[in-house]
Amino acid sequence: MSKRTILLDALASMPKDLAFMLRRAEETAVHQRPTPENWSITDVLAHLTAIEQLYLARLQKIVAEERPFLPTLHPETKPEPEPRSVRELVTAVHDARQQTLTFLHSRKAGDWQRPAVHETLGETKFRFMVQLLVDHDTKHLNQIIEIQARLQAHNS
């Protein structure tokens, strides 16, 4: 199995994993912040949707330009509370990811080797930016697990 296939499979599985993790989540709990400075699950979902659009734009830039400069992404430190249900937010994450996957599946193998210069990482390639998105997913899925555990401990 190629690295490209592994990355695409990982990206495709994230919204499914997210939906499975939150299938029994209580609506009030997902909006709760374990502490005022921590994110709620809905904060994480809003962030995942916003960052997905930024990553897609970054990947499109790498394909469209020769060795583009990629500034560090500085999304909000704490998203504004979303008045949407967890189901709506999970759907938003899924829909945003589908746009990214559609773009990635349309790329030729050579596009995955296209160079770019990242503000903090330096010389990089398209494929490494896709890997960063997979790593970002993992970080926030783990964050949701931690939030669920904190909320469960707090409510016990």
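Where a number appears in this text, it was derived from the coordinates with a stated rule and is not lab data. Everything numeric here is computed off the predicted structure, so don't read it as measured data. Note that each Cβ is placed from the backbone with ideal geometry, even for glycine, and that neighbours are counted across all protein chains shown.
The distance between label points at residue 94 and residue 27 comes to 1.8 nm (points 7 Å beyond Cα on the Cα→Cβ vector). Projecting the Cα atoms of 92, 47, 12 onto the charge dipole of region 3-155 (Cβ charges, centred on the Cα centre) puts 12 farthest toward the positive pole. Charge tally around residue 124: other residues with Cβ under 12 Å, Lys/Arg +1 each, Asp/Glu -1 each, net +3. For the chain, the 222 nm mean residue ellipticity estimated from helices alone, with every DSSP H stretch of n ≥ 4 adding -39500 (n - 2.57) and the total spread over all residues, rounds to -21500 deg cm²/dmol. Under the membrane-span-like helix rule (DSSP H runs whose alpha carbons stretch at least 30 Å along the helix axis, mean Kyte-Doolittle hydropathy 1.6 or higher), the chain yields none.
Note on residue 53 and residue 113: with the Förster distance fixed at 25 Å, the Cβ-Cβ geometry gives a FRET efficiency of about 0.55.
With the simple spin-label model, which puts each label point 7 Å out from Cα in the Cβ direction, the residue 38 to residue 132 separation comes to 2.8 nm.
A simple spin-label model places pseudo-atoms 7 Å from Cα toward Cβ; at residue 102 and residue 67 they are separated by 3.3 nm. For the chain, the Cα-based Rg and Dmax, in that order, read 16.6, 55 Å. Using Cα centres only, tell me the gap between region 18-38 and region 112-147 in whole Å. Centre-to-centre (Cα) distance: 24 Å. Lysine pair count for region 3-155 with Cα-Cα distance under 24 Å and sequence separation of 8 or more or different chains is 11. Put simply, the amide H of residue 118, placed in the peptide plane, has neighbours under 5 Å in 70, 123, 124, leaving out anything fewer than 5 places away on its chain.
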